[in-house]
1. Which value, in debye to the nearest 20, gives the size of the charge dipole of the range B:2-123 about its Cα centre, when Lys and Arg are +1 and Asp and Glu are -1 at the Cβ?
2. Using alpha-carbon positions, what is the distance between the centroids of the range A:79-149 and the range A:426-465, in Å?
3. Distance from the Cα centre of the range A:153-176 to that of the range B:156-209, in angstrom?
4. Could you tell me the distance between the Cα centroids of the range A:13-73 and the range A:311-373, to the nearest Å?
5. How about the range A:312-331: which of its residues lose at least 40 Å² of accessible area in the presence of all protein chains relative to their chain isolated, using a 1.4 Å probe?
6. How many square angstrom of accessible surface are buried between B and A, both sides summed, with a 1.4 Å probe and rounding to 100?
7. Which percent of the accessible area of the range A:1-305 is formed by carbon and sulfur heavy atoms (probe 1.4 angstrom)?
8. List the lysines whose alpha-carbon lies under 19 Å from that of A:LYS99, not counting same-chain residues fewer than 8 positions away?
Amino acid sequence: MPGESLSVKIKSALRSFSFRVGVLFFVALCTTLIVLRVHIYYQSVSTAYEDIRAIVNAHAEEISQGIDKYGISYVHYLVKAMIEDTQDKHLYLVFREGKHLSGNLSPWPSEINLKLHWQEISIPQDDEKPPLHLLVKATSYKNNGALLIGYDLQRVDFLRDTLLRVAIANILLSLLMSFSLSILVVWLVNRHLQFINRACERVMRGQLQYRVLVRGANDQFDKLGANINSMLDWIATLLGTVRDSTNAIAHDMRTPLSRHRIELQALIDDPGISPAVREKIGAAVMRVDGIVEMFDNILSIAKAESRTGTELFVEINMNEIVEDVIEFYAALLEEQRQQLTVDIPLTPLWMTGDKQLISQAVVNLVDNAVKYTPEGGHIRVSLRAEGSFIIATVSDNGPGIPKQFMNQAKERFFRVDESRNTPGTGLGLSLVNAVATLHHGTLTLTDNDPGLCATLRLSRNIEVG
Amino acid sequence: MKILLVEDDDSHAQFIVDGLKQAGHTVDHAKDGMDGLFLATEEKYDVMIVDRMVPKLDGLAIIQALRASGNKSPVLILSSLSKVDERIKGLKAGGDDYLTKPFEFGELIARIEALVRRGSLEQSEQTILKLDDLEMNLLTRVVKRGSSLIELKNKEFRLLEFLMRRPDQVVTRTMLLEGVWDFHFSPNTNLIDAQMSKLRQKVDKDFKKQLIHTVRGAGYKISAQEV
Ligand SMILES: Nc1ncnc2c1ncn2[C@@H]1O[C@H](COP(=O)(O)OP(=O)(O)O)[C@@H](O)[C@H]1O
Ligand SMILES: [Mg+2]
């Protein structure tokens, strides 16, 4: 929505379901990838070690067989022969007997612990070459004799390095991919839900003809959209039926009432009737008018409450409406010696709305103030803008509404017992409330201490569909 | 005047026909839409009263058909549907005024007369309205009676203008509510009387001759003649 700050947008995005699904997806994908990579890494490295151990073991086996056959001193010869024979530059053989060393590695590496079977050692080299990294198998013999078979781990190290580098690159790439993928998922889900959300919002605002856009992909979003659409169609049909039947009821009620009134009127005009009877019939005619008026009010309330009544929305100048209503009541206020304070800004406050309903709402509020405030009372009418709302208040210093009835006062037909002698139907505030709802606003009743303060809040910029 | 009434409800029709005849008018009555349309095209009427819902052909359809054929006779729509949007629909279809049931007979007569005389003063571009020694300038908004100035508030001015544009015609309270305040609902109509008495104080009180008259059971009338 426009006007929302970025941080609010981000916060709501973080809270969104699709974002959470995206994060979950992302985390799951990363974990799988990392586990897989680590596994491959250990697998390859340990296989390389196995191979090296096998080579070393094979040589160890050969030497130990030589020892068995020819005695320990023969090893010097065997080692030399093996070194000459082998093509493998990575193989290192050393045999020590007392101070006598033979083999392709000298001196005897000091780190070697003869008690350990397999060791990894690092031997510094001259000529700025990297140190020699060896896997060694050392065996000790009597008389300070010892055999060392070592294998250069350069290949393994290289493999390890490469694997690590590839794995890191791989993980980074997959992170990036899964991140983009989850963003894409979030975006797609949001986009699809947006069609649905937008339609729901429009319908809620009274644009009942609005529908969800179904893209024809036949996926679950389309199904949801199509279901919502058929639900809306059904609601529209029902509302249409209700509207038609209220029209029909209006017609069916008004016609006989009107007939009734005509007959009563004919009686009044009958010259053979006594003045006392004529007066009674006159009162009956007024009651018929009262019923019709009550009926009109109920229909107006129903229309405003159904929120479908935006067809008549026009640009209206609230200052003008309030001023007109005040002027309409001015003569009566003067007659009842009620003091009126008007607080309306000089610049006109414009809004989009139903002019008749808003006029009627303001009339109802002012009418109550004038009606229920005793002679010599004080009535205050004010108008102001607050953000995207227009706020009209009508307050008086009359008896007010007892606290326990404050909420009930907006209900249909509710009247405080003390008001029963004053003419009225108890529908005035219900209509104001319905008009407020139609214009995305509220009617708030508060204690003016003494008296009543009615605050009517109306949204200024309702989109008309 | 020659009037056509299209109305299917017997007691309403009887009531209207009797009343109009009593007031000296000639009335033709059609009980359904087809008859109504037939009569309206065959004869020339000064004004037509058409019920919104009549059998065979809907009231709005009759008006649309007449307007399409170039018939410009004023039409008053009678209806049991009070909603403002219904009224707007009626006027859009080509009706000239809209009256909801139940109504006072005086209201009907006043509206018919207003319709027939419409186009004379009401719609003229005249900027000065005169009646006897009362004169109102619509441009300068100066109102004078003889040589004395009369100070009027905004709505009092509109009220007097509404009356002055319909001299010698009965103007009902609802006509004033609709025409001056644009209130198409029924607030306390006594308030119109309060307004009117204030206007009278300013316009008539200090003068021998009364111009604004109350018409019992109907409304008000501005006239130089005594009623
Ligand atoms: N300004 C007010 N001062 C005191 N009581 C009020 C005021 N406005 C409303 N009320 C109380 O709330 C009730 C409901 O008001 P409303 O819906 O306008 O119906 P009505 O005016 O027809 O009785 C009234 O009967 C009255 O008891
Ligand atoms: Mg009230």
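1. Details: 16 positive and 21 negative charges, 92 e Å.
Computed charge dipole of the range B:2-123: roughly 440 debye.
2. Cα centroid to Cα centroid, the span is 97 Å.
3. Cα centres, the range A:153-176 to the range B:156-209: 95 Å.
4. 85
5. Residues losing area: A:LEU312, A:ASP324, A:GLU327, A:PHE328, A:ALA331.
6. Values: alone 11690 and 27850 Å², together 36350 Å².
About 3200 Å² of accessible surface is lost on pairing.
7. Values: 12100 of 19220 Å².
It is 63 percent, rounded to a whole number.
8. Those lysines meeting the cut-off are A:LYS80, A:LYS142.
The values are calculated or read from the model by the stated rules, or taken from the named source; none is laboratory data. Quick caveat: nothing in here was measured; it's all calculated off a predicted structure. So basically every Cβ, Gly included, is an ideal-geometry build from the backbone, and we count neighbours across all protein chains shown. Just the protein is used for accessible areas: all its heavy atoms, side chains included, with ligands, DNA and RNA removed. Shrake-Rupley method; radii C 1.70, N 1.55, O 1.52, S 1.80 Å.
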